[in-house]
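The values are calculated or read from the model by the stated rules, or taken from the named source; none is laboratory data. Since we're looking at a predicted model, the values are computed, not measured. With ideal geometry, Cβ positions are generated from the backbone for all residues, glycine too; neighbour counts draw on all protein chains shown. The accessibility values were calculated without ligands, DNA or RNA, using every heavy atom of the protein model including side chains. Shrake-Rupley method; radii C 1.70, N 1.55, O 1.52, S 1.80 Å.
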Amino acid sequence: MAVPAAFYAATAATGGGSMDGWAVPMATDIAFALAVLAVISTHLPTALRAFLLTLAVVDDLGAILIIALFFTSDLNYWALAGALAGLVVFYLLQRLRVRGWWWYLPLGLVTWALMYNGGIHATVAGVAMGLILRTTRDEHGQASPGERTGHLLHPLSAGVCVPLFALFAAGVSVSGDALGKVFTSPEPLGVVIGLVAGKILGIFAGTYLAARFTRAQLNPELAWADVFGLATLAGIGFTVALLIGELAFPGTATGEHVKAAVLIASLAAALLAALLLRRRNTVYRRLYEEENIDEDADGIPDIYQRTPGSGA
């Protein structure tokens, strides 16, 4: 809720622009956020990557749900019923352990087309199938259907689909005027504040409140400074944020300014997160080096050879 609130506050404070873009800053781009973390992290805890993956997936699922609920019009109920039937068939094939791409590829294409013609954004069909796909291994299986599918589709997704999406969705005129509009127009400024400040406030405060007032606990490997850096990193919103911006402001100058705002905010979040997480990486590297001191060169770190009360 902090991200939409930041967007609303920014747009209201700068002249009360259109509120249609309130959902643009909500999505986290998994690929870019993980790439930045991979470049920075040499000694950061592995729990940090797991935290980011979980957070980004939930963010994207929420964004796709928002697309389905708030950016949908002119519903075709017969087509939607057909798409739902396709999902049911997909579920049954999974539970019956049916294998073979010749079953799933045509079914997926038909379900995608029916969802599109039903008036709901077709990405919802892909998300629904991903949630239905089994992720548990059979008793004598070497991999789950989810693992096999991910292995097969990753080269196509990372090598073709994501670059093509970026090529077609991120066409922004980055001129002096466009950059000026980002910081003077209510809608793009709201996107920048939502992605940078709203994400930090929402994720950090939400995590703290969950750990404070529920049974949830922060992973012992992590410190709150790590969570703050991760919350900053989650401000990188590229693919889905651009998609929502296109849906919120279709074919308008404001839509182009919002796209520029997404790119600028994502770059700012990446740079700020890099500074914060590099400092945390330095702390963990120093701890690692201290734990692996071997002054007697016997191949065993000295920390494991200290006796209680020896002071050594």
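Residues that are among the small types (Gly, Ala, Ser) and open to solvent by 40 Å² or more (accessible area, probe 1.4 Å) were ranked within segment 72-104; the one that is nearest to residue 246 (Cα to Cα) is 73. Take the conditions surrounded by fewer than 15 Cβ atoms within 10 Å (Cβ to Cβ), under 20 Å from residue 182 (Cβ atoms), of a type outside the set (Phe, Trp, Tyr) and at pLDDT below 85 and apply them to residue 13. Does it pass? It is true that residue 13 is surrounded by fewer than 15 Cβ atoms within 10 Å (Cβ to Cβ), under 20 Å from residue 182 (Cβ atoms), of a type outside the set (Phe, Trp, Tyr) and at pLDDT below 85.
If I filter segment 164-184 down to residues being part of a helix (DSSP H, G or I) and exposed (fewer than 11 other Cβ atoms within 10 Å of the Cβ), which single residue comes out as modelled with the highest pLDDT? Only one residue fits best here, namely 164. Restricting segment 185-206 to residues that are under 28 Å from residue 45 (Cβ atoms) and not small (Gly, Ala, Ser), the residue that is surrounded by the most Cβ atoms within 10 Å (Cβ to Cβ) is 195.
All conditions in (1) at pLDDT 80 or above; (2) more than 17 Å from the chain's Cα centre (by Cα) hold for residue 312, with the sole exception of (1). Once segment 228-246 is narrowed to residues that are in contact (Cβ under 8 Å) with a residue 60 or more places away in the chain, assigned to a helix (DSSP H, G or I) and out of contact with any Gly (no Cβ under 9 Å at 6 or more places or on another chain), the residue that is nearest to residue 64 (Cα to Cα) is 240.
Listed by first and then second residue, the pairs linking a residue in segment 69-88 that is without any contact (Cβ under 8 Å) to a residue 60 or more places away in the chain to a residue that is part of a loop (DSSP other than H, G, I, E, B) and of a type in the set (A, V, I, L, M, F, W, C), with Cβ atoms under 6 Å apart and 6 or more places separating them unless they lie on different chains, are 72/120. When only residues in segment 52-70 that are open to solvent by 50 Å² or more (accessible area, probe 1.4 Å) and more than 10 Å from the chain's Cα centre (by Cα) count, which is farthest from residue 127 (Cα to Cα)? Checking each candidate, the answer is 70.
Taken together, the residues in segment 105-152 that are at pLDDT 85 or above and open to solvent by 90 Å² or more (accessible area, probe 1.4 Å) amount to 5. Residues in segment 207-216 include at least one that is under 16 Å from residue 47 (Cβ atoms), modelled with pLDDT under 90 and not in a helix (DSSP H, G or I). Within segment 254-292, can you find the residues that are over 17 Å from residue 44 (Cβ atoms), touching a residue at least 60 places away in the same chain (Cβ under 8 Å) and either surrounded by fewer than 12 Cβ atoms within 10 Å (Cβ to Cβ) or under 18 Å from the mean Cα position of the chain (by Cα) (or both)? Of everything in segment 254-292, those that are over 17 Å from residue 44 (Cβ atoms), touching a residue at least 60 places away in the same chain (Cβ under 8 Å) and either surrounded by fewer than 12 Cβ atoms within 10 Å (Cβ to Cβ) or under 18 Å from the mean Cα position of the chain (by Cα) (or both) turn out to be 259, 261, 262, 263, 264, 265, 266, 268, 269. Enumerate the pairs (first residue in segment 51-63 and over 20 Å from residue 21 (Cβ atoms); second residue anywhere and open to solvent by 30 Å² or more (accessible area, probe 1.4 Å)) with beta-carbon separation below 6 Å, excluding pairs fewer than 6 apart on the same chain, so at least 6 apart or on different chains. Taking only residues 6 or more apart or on different chains, the pairs are 56/30.
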